[in-house]
1. Restricting the search to the stretch 51-60, which residues are in a loop (DSSP other than H, G, I, E, B) and either surrounded by 11 or more Cβ atoms within 10 Å (Cβ to Cβ) or at pLDDT 85 or above (or both)?
2. Six or more apart or on different chains, Cβ atoms under 6 Å: show the pairs whose first residue is in the stretch 21-33 and in a helix (DSSP H, G or I) and whose second is open to solvent by 90 Å² or more (accessible area, probe 1.4 Å) and among the β-branched types (Val, Ile, Thr).
3. For ASP15, state whether it is at positive phi and either surrounded by fewer than 14 Cβ atoms within 10 Å (Cβ to Cβ) or at pLDDT 80 or above (or both).
4. Which of the residues that make up the stretch 22-46 are of a type in the set (Gly, Ala, Ser) and modelled with pLDDT under 85?
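The values are calculated or read from the model by the stated rules, or taken from the named source; none is laboratory data. All figures in this text were calculated on a predicted structure; none of them were measured in a lab. Reconstructed Cβ throughout: ideal geometry from the backbone, glycine too, with neighbour counts over all protein chains shown. The protein model used for the area step is the full one, side chains on, heavy atoms only, and it has no ligands, DNA or RNA in it. Shrake-Rupley method; radii C 1.70, N 1.55, O 1.52, S 1.80 Å.
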Amino acid sequence: MISTSKAVLDAMCADFEQLPADARSKLLGMLCQSVVESPEWWWDVLTGEDDPLHRELETI
């Protein structure tokens, strides 16, 4: 289950990186409108930068 979760996060990051800049901006904007998390949290998750989810999965 952990390896599957890590694979999903890695795939999300890879897909996000391949989007054109305007599409990344629109996607991030839509996710932030959900008010589920902060824009910074979404950015960290989608880029893998300083993401607590990635760090947590790496330590297991």
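1. Of everything in the stretch 51-60, just one residue is in a loop (DSSP other than H, G, I, E, B) and either surrounded by 11 or more Cβ atoms within 10 Å (Cβ to Cβ) or at pLDDT 85 or above (or both), namely ASP51.
2. none
3. Against the criterion (at positive phi and either surrounded by fewer than 14 Cβ atoms within 10 Å (Cβ to Cβ) or at pLDDT 80 or above (or both)), ASP15 does not qualify.
4. Within the stretch 22-46, SER34, SER38 qualify.
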